[in-house]
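Novice: The structure follows.
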Amino acid sequence: MIDPRRYWVAFTLVKGIGSVRFRGLLEYFGQADIAWNASTEALQQAGLSSKIVQNLVAVRSNISLDSVWQRIQDQGITTLTWEDKNYPRRLMEIDQPPPVLFVRGEISAEDAWSVAVVGTRRVTAYGRQIAEDVAATLARNGVTVISGLARGVDAIAHLAALKAGGRTIAIMGSGIDRIYPPENRELAERIISKGALVSDYPPGTPPDASNFPPRNRIISGLSMAVVVVEAGNKSGALITAAFAADQGREVFAVPGNITAPQSQGTNRLIYNGARPLLDPREVLEALELTMVSQQQEARVILPSDALEAQLYAAIGNEPLHVDEIRAQTELPIEQVTSTLALMELKGMVRQVGGMQYIAIREVKNEYRADEVGEDEI
């Protein structure tokens with residue numbers, strides 16, 4: 001049986017077809033394989049320009065899709081699409097999520113609790129210490145550290161998370177088989193064993209400068225918050241912070257010496273409203289991540305079931321009193337309250353006072369009822 005994901009991968013090889021155009025093709029044709037094999041006339045009727053249609057026809061004529069797919073399998077690369085249940089839910093909620101993620105390693109349920117730690121390549125001794133402290137604190141508390149595998153703050157954060165026994169995910173600005181910078185190859189292998197390398201660029205894509213700013217939306221999109229340790233005024237970390245703000249993520253910035261170039265960007269972020277980070281544990285407290293380990297344990301021991309799904313569906317983004325929840329679900333009150341208590345521990349709902357609850361939509365419910373910065377390369 002032909003894996004339909006190969007056609008999703010095929011479209012990543014076509015210049016000019018990104019998230020928006022690919023979604024349009026799916027809406028028009030219904031399936032990726034039908035779109036891939038469509039006539040030029042049908043592709044134009046679906047909204048593609050003549051130039052993009054030419055690009056698609058050229059790729060379609062010059063590649064063996066079977067060979068492309070086999071090389072991906074041979075390299076141990078996993079592909080996740082919008083249709084895969086393991087596609088990160090938080091990333092799926094951003095504007096224009098990538099249709100395909102290429103993964104080496106594993107994105108796990110634990111990674112629902114994740115924070116990005118980013119910053120300059122030209123890190124100071126001060127920045128190194130802070131990056132290590134922040135990443136290690138997050139990792140020791142069961143929070144996955146996300147960064148970009150770049151020199152400087154990124155590599156320090158990945159390594160500190162690994163040394164602390166935690167998980168870390170690296171988002172790449174190249175094909176997943178093109179480790180950049182090359183001196184981080186050993187680090188990349190370690191990340192694979194305790195996390196994942198992730199890219200939305202197909203294997204073989206070189207680390208061109210233009211690739212890095214777009215990948216930053218994935219760094220922030222996967223994260224609950226972004227911590228910028230050090231950043232100059234033209235740092236790529238500021239692009240990540242901007243994406244985070246647009247995506248509704250919390251942005252923390254480490255204050256620094258006002259005369260140091262590496263602190264100009266972070267100090268400016270604080271001036272413009274980012275939260276100053278004075279202690280690594282402030283991230284945990286602000287995001288209510290101080291009980292992640294207990295939440296993860298509860299999720300393993302007590303997986304979601306039909307009862308939790310019923311309650312979860314009844315609760316929205318606005319506070320709902322437990323009596324109203326009981327009335328909507330027609331369940332015994334003692335069953336409602338006991339299940340809600342477990343769901344709160346698992347991070348699925350939150351009590352906001354007065355026995356009123358809201359749903360935490362960023363957490364995945366397993367039961368299913370029916371411009372280039374100077375620091376970029």
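Novice: To the nearest 20 debye, what charge dipole does the stretch 67-168 have about its Cα centre, counting +1 at the Cβ of each Lys and Arg and -1 at the Cβ of each Asp and Glu? Mind showing how you got there, number by number?
Specialist: Details: 12 positive and 11 negative charges, 82 e Å.
With Lys and Arg at +1 and Asp and Glu at -1, about 400 debye.
Novice: Also, I was wondering about something else. Kindly state, to the nearest 0.05, the FRET efficiency for Gln54 paired with Arg190, given R0 = 35 Å and r defined as their beta-carbon distance.
Specialist: Using R0 = 35 Å, I get an efficiency of 0.25.
Novice: Measuring from label point to label point, each 7 Å out along Cα→Cβ, what is the Ala42 to Glu27 span in nm?
Specialist: About 1.9 nm separates the two model spin labels.
Novice: Measuring from centroid to centroid over Cα atoms, what is the spacing of the stretch 107-185 and the stretch 4-55 in Å?
Specialist: Centre-to-centre distance over Cα atoms comes out at 35 Å.
Novice: I would also like to ask the following. If you take every DSSP beta bridge fully contained in the chain, what fraction is antiparallel? Give it as a percent rounded to 5.
Specialist: Working: 13 of 33 bridges.
Counting only bridges with both partners in the chain, antiparallel ones make up about 40 percent.
Novice: I'd like the trypsin sites (Lys or Arg not before Pro) in the stretch 62-127 restricted to DSSP loop residues with at most 14 other Cβ atoms within 10 Å, sorted by number. Intermediate values should be presented prior to the final figure.
Specialist: Working: sites: Arg71, Lys85, Arg89, Arg90, Arg104, Arg121, Arg122; in loops: Lys85, Arg121, Arg122.
Sites meeting the loop and neighbour criteria: Lys85.
Novice: Relative to the present Cα-Cα distance, how much length would full extension add between Gln75 and Glu344 at 0.36 nm per residue of separation?
Specialist: My answer for the length gained is 92.8 nm.
Novice: Lysine pairs, Cα distance under 29 Å, 8 or more residues apart or cross-chain: how many in the chain?
Specialist: 12
Novice: Another one. Could I have the simple spin-label model distance between Asp323 and Glu183, label points 7 Å from Cα toward Cβ, reported in nm to one decimal?
Specialist: That separation, rounded to one decimal, is 6.6 nm.
Novice: Something else now. In what order do Arg21, Arg350 fall by count of nearby beta-carbon atoms within 10 Å, going from fewest to most? Let's see the in-between values first.
Specialist: Working: Arg21 18, Arg350 15.
Taking fewest neighbouring Cβ atoms as first place, the list is Arg350, Arg21.
Novice: Going by C-beta contacts inside 10 Å, put Ile72, Ile192 in order with the fewest on the left.
Specialist: Working: Ile72 20, Ile192 17.
With the fewest neighbours first, Ile72, Ile192 line up as Ile192, Ile72.
Novice: When the expected Rg is taken as 2.2 N^0.38 Å, what fraction or multiple of it is the alpha-carbon Rg of the stretch 104-286?
Specialist: Numbers: Rg = 14.6 Å, N = 183, 2.2 N^0.38 = 15.9 Å.
Relative to the 2.2 N^0.38 Å estimate, the stretch 104-286 comes out at 0.92.
Novice: What order, most packed first, do the peptides 22-31, 158-167, 339-348 have when packing is the mean number of other Cβ atoms within 10 Å of each residue? Kindly include the intermediate steps, with their values, before the conclusion.
Specialist: Details: 22-31: 15.8, 158-167: 21.2, 339-348: 19.7.
Packing proxy ranking, top to bottom: 158-167, 339-348, 22-31.
Novice: Could you pull out which residues in the stretch 1-26 have an amide N less than 19 Å from a spot 7 Å beyond the Cα of Asp66, following the Cα-Cβ vector?
Specialist: Taking a point 7 Å out along Cα→Cβ of Asp66, the residues of the stretch 1-26 whose backbone N falls under 19 Å are 1-11.
Novice: Here's a follow-up. How big is Rg to Rh over the chain, alpha-carbon atoms, Rh as the Kirkwood inverse-mean-distance radius? Working shown, then result.
Specialist: Numbers: Rg = 22.0 Å, Rh = 22.0 Å.
Radius of gyration over Kirkwood radius for the chain works out to 1.00.
Novice: Moving to a separate point now. Let's see if you can work this out: charge +1 on each Lys and Arg Cβ, -1 on each Asp and Glu Cβ, no other charges. What is the dipole magnitude of the stretch 1-71 about its Cα centre, in debye to the nearest 20? Working shown, then result.
Specialist: On the way: 8 positive and 5 negative charges, 55 e Å.
So the dipole magnitude of the stretch 1-71 works out to roughly 260 debye.
Novice: In what order do Val198, Val349, Val229 fall by count of nearby beta-carbon atoms within 10 Å, going from fewest to most?
Specialist: Details: Val198 28, Val349 24, Val229 34.
Lowest to highest Cβ neighbour count: Val349, Val198, Val229.
Every read-out reported here was derived from the displayed coordinates using simple, explicitly stated rules and does not represent laboratory data. Remember, it's a predicted structure, so these values are computed and weren't measured experimentally. Neighbour counts are summed over all protein chains in view; Cβ atoms, including those assigned to glycine, are modelled from backbone coordinates with ideal geometry.
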